[in-house]
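Nothing in this text is a laboratory measurement; each read-out follows from the coordinates by a stated rule. Just so you know, these numbers come straight off a predicted model, no measurement behind them. Cβ placement follows ideal geometry from the backbone for every residue including glycine, while neighbour counts extend to all protein chains displayed.
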């Protein structure tokens, strides 16, 4: 998935209600603004793949919406995997498009790649996510939904 030009977005299967070019532009925007020029790779795939990755890397046997895999001390931040099925279901639940939900998930994943962890950082990631959502004109994010 890596590309020397910057962040990439790849699709296992392109969801009908998502514009690949728009998500690739959004990934570049995240790279420039949020990630301070450090690129990442994002895979939009299905529940089965997210469940397998979640089980393999986190020991959790269920499909999840987004997973982040930091690269460590390299120029690239790492990888993000997003479930298109989870994104579609969450978009319906929260009243926006699947594409908008993928953007929310991509932002959340990028913040994790930057080393933030909403489970342990005393609200730092939540504040950053809220600030970036406002700047990027995105609706309520994952952390905010859980804390309601």
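Details
- Computed over region 15-148, Cα set: Rg, Dmax in Å: 13.8, 38
- Geometric descriptor of region 1-89, per residue, is 96 Å³ (volume of the convex hull of the Cα atoms).
- Length-normalised contact order of region 1-139 in % [C-alpha pairs under 8 Å, at least 6 apart]: 21
- Neighbour counts of C-beta atoms inside 10 Å place 130, 137 in the sequence 137, 130, starting with the fewest.
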